[in-house]
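What follows is a single structure, written as structure tokens, with notes after it.
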Amino acid sequence: MPARNDTSPALLLLAVIACGAALYALADIVTPPAMALFLAIVIDGFARVLERRVTWISKRTALPIAIVLSILLFGAAVFVVADNATTFATQLITYLPKLNALIAKVSVLAHLDVAPTLDELINRLNPSKYLGDVAKGFQNFASNAVFILIYLGFILASRRSFERKLVSLFGGRARRHEAMEAFLRIRDGVEQYLWVQTVTGLMIAVASWAVMVVVGLDNAVFWAFLIFIASYIPIIGGAIGILAPPLFALVQFETLWQAAVLLGVLQSIQFVVGNVILPRMQGDSLNIDPVAVLLALAFWGAIWGVPGMFLSTPLTVIAMVVCAQFEGSRWVAVLLSADGAPDKLRERRSVSDDAGGSASRKRED
């Protein structure tokens, strides 16, 4: 028995390496169902919120209404991006002389004898070499989106039978109870993550939009929306998103103070929300260590790219809950948690409070 405890960390490390290699090799196959499962959890949580908050919505109609509302919200987001992107592309043409002047200023600072124009830079970069890769990227994105929607449809259609399968998978009453409780903790953890990222992302986006409007930056809604979407990538998403408006301000305005103000104020907003509000909300609701979030972002980003960055924190929540169920891997859950108590989410909800728990008890009786 002691030998088993001594070797379990090494075995767990080997298992993580093997799983990471397998997930990296099967990224094209595994990523679409993982994204679909994530979206299914989002829609399911949205449906239960509607059921609790809106009195006239029944449990049977909550899911279809949540699906329709999600489609409408997604369509509205696509319309906002497409409409503002067209305006942005048109404005770039009118800003061509300013771009050349900006390149000339940078060339002077870099001590270049002859300042290149934007057309010369584009010719030197030879973007035609990358058109094939870009087209392939768009093709992969379109095909993955189709597969994600197909997987999402099947997952939503089989959600009721999943709870029954989970109950039937474990023999004893205590094991069934623990399995259902772990499932609910994973679901609640993912929903809490989405809630935290949405609230903090809205804080950054709305505050950034207000600053951009005061300064007079064009396409403020477009930039605020991109900042909001980027905030779903933990840690680095919001920081990268707020760099675009100051860069565009350099092109739009004749003076530099607008870009300097945007850079300073937006960075301050990101710093306060990202380093004060977000860790507090995330620690209270998810109980995940910020260092673990950063390491998970690097790990899943290296394996699955941008989808892995979006899913890094939910996957960390799942890993913490699963590792906490077994004595040999509980130390991993303790390290992933913020306060050393990985069972903290267990106190947020009891199995008896969920419909799945009711189904479990009926099945057990």
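The values are calculated or read from the model by the stated rules, or taken from the named source; none is laboratory data. This structure is a prediction, so every number in the text was calculated from the model and none was measured. Neighbour counts run over all protein chains shown; Cβ positions are idealised from the backbone, glycine included. With ligands, DNA and RNA removed, areas are computed over all heavy atoms of the protein, side chains included. Shrake-Rupley method; radii C 1.70, N 1.55, O 1.52, S 1.80 Å.
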At what distance in angstrom do the alpha carbon centres of segment 229-279 and segment 6-45 lie from each other?
32 Å
How large, in percent, is the carbon and sulfur part of the accessible surface of segment 176-257 at a probe radius of 1.4 Å?
78 percent
Using the per-residue mean of other Cβ atoms lying within 10 Å as a proxy for protection, in what order, highest first, do the peptides 39-49, 322-332, 219-229 fall?
219-229, 39-49, 322-332
Using r as the Cβ-Cβ distance of Val80 and Val30, and R0 as 45 Å, what FRET efficiency do you calculate, to the nearest 0.05?
0.90
May I ask you to give the average projected area over all directions of the convex hull of the Cα atoms of segment 136-275, in nm² rounded to one decimal?
11.9 nm²
Solvent exposure of segment 169-237 as accessible area per residue, Å², 1.4 Å probe
41 Å²
As an exercise, use a Förster radius of 35 Å and the Cβ-Cβ distance of Ser161 and Val54 to find the FRET efficiency, rounded to the nearest 0.05.
0.85
Pull out the extension gain between Leu13 and Thr255, defined as 0.36 nm times the separation in residues minus the alpha carbon to alpha carbon distance; nm, one decimal.
81.6 nm
5 Å is the cut-off here: which amide hydrogens, built 1.01 Å from N in the peptide plane, fall below it relative to Ile288, excluding neighbours closer than 5 in sequence?
Ala338
Give me a comma-separated list of calculated 3J(HN,Hα) values for segment 317-330, in order, Karplus coefficients 6.51, -1.76, 1.60 applied at θ = phi - 60°, integers in Hz, x for any Gly or Pro.
4, 4, 4, 5, 5, 5, 5, 6, 7, 10, 5, x, 10, 5
Suppose the chain between Leu294 and Ala174 were pulled fully straight at 0.36 nm per residue; how much longer would it get relative to their current alpha carbon spacing?
39.7 nm
Please calculate the 1.4 Å probe accessible area of Glu51, with all protein chains present, and give it to the nearest 10 Å².
70 Å²
